[in-house]
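K.L.:
Pasting in a structure now, in structure tokens, and then I'll have a few things to ask.
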Amino acid sequence: MTDSDDALLPLDAVRPAASSKDTKGAVVPAPERPVARVAVDSPLPHLDRPFDYLVPAALHETAEPGVRVRVRFAGKLVDGFLLERVDESDHEGRLMPLERVVSPERVLTPEIAGLARAVADRYAGTFTDVLRLAIPPRHAKAESETPKPDRSTRPDAPEGTDVQGEGAGSVEDGEGGGAVGGVRGGESAWDAYPMGPSFLDALRHGRAPRAVWSALPGALGWARPMAEAVRATLDGGRGAVVVVPDGKDVALADAELAGVLGPGRHVALTADLGPAERYRRWLKVLRGQVRAVVGTRAAMFAPVAELGLVAIWDDGDDLHAERLAPYPHAREVLGLRAHRTGAAMLIGGYARTAEATQLIAGRWARPIVAARTTIRSLAPRVRPAGEDAELAKDQAARQARLPSLAWRALRHGLDGGGPVLVQVPRRGYLPALACRHCRTPARCVLPPTRTLLAPPGTDASPAVAPSGPSSGFPGGGGEARGRAGGGQDLGRPPGGPARVPSGIAGGGQEARHLPGGSSRPASGLAGGQEAGHFPGGSSLAPSDPAGGGQEVLHLPGGPPEDPVRRGESERGFSGDPDRQGPPGSDDRARHVRPGSGDSGREVVGEGVSAALPLELAGTPAASCHGPLALRGGHAAPYCRWCGRVDAAWRCPSCGSPHLRAVVIGARRTAEELGRAFPSIPVRTSGRDGVLATVPASRALVVATPGAEPVAEGGYAAAVLLDGWALLGRADLRAGEEAVRRWMNAAALLRPGAELVVLADAALPAVQALVRWDPITHAERELADRAELGFPPAVRMATLTGPAAAVRQMIDEAHLPAEAQVLGPVPVDDEGQERAMIRVRRTGGAALAAALKGASGVRAARKTPDVVRVSVDPLDLI
């Protein structure tokens, strides 16, 4: 054969044989769909897209869509989820193979994957951030021990049930006839609502109604109607997801679902279950063994197959807002899920939010409301404090924390043989203190527990500051940033929490009763005096309950209390709404300690004042500056930030060692009520321990908002204390939140029981409670927000971070043409600023996309300064 003949041969015939070294170790691709698209676990927004990997032949059987995988990304082994497998890739280069399949369990369903993508786009977040919220961490033991479902029977049918015959009669009965968990349809809780039976009928027949439900008050509660809605959905052959605010509500719904559905028909998902049990229950839902789920906000992503109903109870509770990026709200996630899957949605609550009202105004949902006659027959009898008739009987009622009207309501309720409820907005004993003389909020003057930098030649270890006025800042170490009257501190010292409780016009409330550490001494409320002692020699001086005197805390080195001065300066609240503080507090709140000379300056604006030495202005604080509080009647004041005790505290502004109570917490209130009713047991429900239920026997139940236990048969009476603490918050939702918390507590009362609310009767929030008309209040709230341009009438996003980074991101973001930028403005003393961007509701998707793109550009540049992006946050103000 000649050379010319070689040119006529095929190319493969003249190509040299491949060496075994060239093919050694090469990955053999899968015979079918060899390309896997993987969502890599990366928090970087510019990498928020699926990546293509090669599926080895060895993983062909286990590498199915939805499984957890390990892949090599940027030279590291990272986790990921396999989204889908395709025949070819758009990538022209060589594909990296999958390292391994972590588990053959397909934990990411297509429905949840699409929902996670929609939530990430809605909140300008990343897909993997949403998956961290949607899919719990894997627990290998729980995964291996959970039995596989038997596909021969229906997943939601209990053992021993005839699948073909079950529920046939309930589906045909459109008005709720037939047995529902042992209760006849005529006794359904939805019969009290004109639209209730038709709502259940739509669920049974597979339709998708969307409703905003205003629940009736009384002993019937909300859990029973919710359970019947879930049962109707299961009768229609579909699944249900119910999301509630906290574990107490989960326990109530869990017990009601067990009674209505029967055992083994649902699961409850909460964070306190532990990783193994939580994952075990989540797997039951994933594998189709149960089709009804109730839980806290994490349950909004429960992988229920053939979803027919998503329900949320008390959507105004801030516990429904996720604290982790991208900060989604359970109501919005469930709304997206209902829209994508064609499921029904139920938004329930005793009160109504502006967001739910917006859904009704846009005709996306319909209201379910009972008749006014039914509401009046079940609602409690609300009496606000400060009525003219009561003031004529008791002149001190304008200033007292517990006027005679509240005492009578509690006494009559206890005489009736049932429990009574006292709601206190603040937890703890005395969570806020102030100087008795000048009303300056009591701040910690001790140095920080740890300093990173120290001047040359000094010891960097923490040291205790000397007692007396010389410690802290000279002449101005204590800030007087509260409103006139020393009610609260509105500033945030460096390194402190993001928000300090705020007061209102009128200043802090005064403790009018005896101090002490015992919960129930032999002496009554107006009995003898007792003195407590602080560690280090300080003392707690007794007050005179009969004269309405203020509790004064004596610290070492201070002058004795002047009873004449106490009598003229320590009074309760002023009933005049135009007065911005208690008597004698207008000038003393702006007082700068004599002797400070020209080294101090005073900043005064709208009743807020602060004293700060000029030489320290703009420099990091040398003191902790955390708020001081008391844990008990015989305890020394401690700092709520650094936790250290400061028994030798003196006011840095005036040098006085005396303290006064600005805010009274739930434990102190329980202590005072125990003295007033020595033969009645006192139960507390709050941060230290939440009670789900209480018996029907006589008892005083003191609870913080949201922790009120359910009483068997309902409470005989209730008192809502310190309405100013809820209504006076610097929050866009202050009025709406006050109505929600009040109505949640009032709904636990018996029909016609007396409810006393300590707030001005002329306020719209109080009127909504008196008339039990949250709908009108919500409609007015929505109209006001639409006029001012606040959510939900508009879409709004906030950018929080260093000043330069926030401004740079605003300049580089391709915002919609109609976007309005508000700010940025400082949010603390550490250089953090926040800007708000507002667009119309139709421009929300464009705004989220623009902000996500700008975040991706900053991440690609590896910019060190982090800017937090939050879409429609709850804390706008």
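K.L.:
How far, in nm, would the chain grow between H412 and S697 when pulled straight, counting 0.36 nm per residue and subtracting the alpha carbon separation?
P.N.:
101.2 nm
K.L.:
Starting from the amide H of F73, placed 1.01 Å from N in the peptide plane, find each other amide H under 5 Å away whose residue is 5 or more places distant or on another chain.
P.N.:
Placed amide hydrogens put V78 under 5 Å from F73.
K.L.:
Something else: Under the rule a/c < 1.5 gives rounded, and otherwise a/b versus b/c splits prolate from oblate, where does segment 806-877 land using the Cα gyration tensor?
P.N.:
Since a/c reaches 1.5 but b/c is at least a/b, the shape of segment 806-877 is classed as oblate.
K.L.:
How do 830-838, 677-685, 92-100, 241-249 rank on mean C-beta neighbours within 10 Å, highest first?
P.N.:
241-249, 830-838, 677-685, 92-100
K.L.:
Sort segment 197-255 into rounded, prolate or oblate with this rule: let a ≥ b ≥ c be the square roots of the eigenvalues of the Cα gyration tensor; rounded if a/c is under 1.5, and if a/c is not under 1.5, prolate when a/b is larger than b/c, oblate otherwise.
P.N.:
The shape class here is prolate.
K.L.:
For segment 734-742, just list the computed ³J(HN,Hα) in residue order, Karplus coefficients 6.51, -1.76 and 1.60, θ = phi - 60°, integers in Hz, with x standing in for Gly and Pro.
P.N.:
Result, rounded to whole Hz: 4, x, 5, 5, 5, 4, 5, 5, 5.
K.L.:
Another question about this same structure. Please list the non-local residues whose amide H lies under 5 Å from the amide H of S685, H modeled 1.01 Å from N, same-chain partners needing a gap of 5 or more.
P.N.:
V702, A703, T704
K.L.:
Under 1.5 on a/c is rounded, so check that first for segment 224-353, then, if it is not, pick prolate when a/b is larger than b/c and oblate when it is not; a ≥ b ≥ c are the square roots of the alpha carbon gyration tensor eigenvalues.
P.N.:
Rounded, because the longest to shortest axis ratio a/c is under 1.5.
K.L.:
Please give, to one decimal in nm, the separation of the simple spin-label points placed at R771 and A271, each 7 Å out from Cα toward the Cβ.
P.N.:
Distance between label points: 3.9 nm.
K.L.:
From the phi of every residue in segment 644-651, what ³J(HN,Hα) in whole Hz does the Karplus formula 6.51 cos²θ - 1.76 cosθ + 1.60 yield, where θ is phi - 60° and glycine or proline is x?
P.N.:
8, 8, 10, 6, 9, 5, 9, 5
K.L.:
Another question about this same structure. Could you tell me the calculated FRET efficiency between R450 and A118, based on Cβ-Cβ distance and R0 = 51 angstrom, to the nearest 0.05?
P.N.:
0.70
K.L.:
Please list, ordered by chain and number, the residues whose modelled amide H lies under 5 Å from the amide H of L307; skip anything fewer than 5 residues away on the same chain.
P.N.:
Answer set, sorted by chain and number: G239.
K.L.:
Okay, moving on. What ranking do 253-262, 52-61 get when scored by the average of other Cβ atoms within 10 Å per residue, highest first?
P.N.:
253-262, 52-61
K.L.:
Structure shown: which of K76/K284; K248/K284; K76/K852; K284/K852 lie over 31 Å apart, alpha-carbon to alpha-carbon?
P.N.:
K76/K284; K284/K852
Throughout, read-outs are computed from the coordinates displayed, never taken from laboratory work. This structure is a prediction, so every number in the text was calculated from the model and none was measured. A quick note on method: Cβ atoms are made from the backbone with ideal geometry, for glycine too, and the neighbour counts reach across all protein chains shown.
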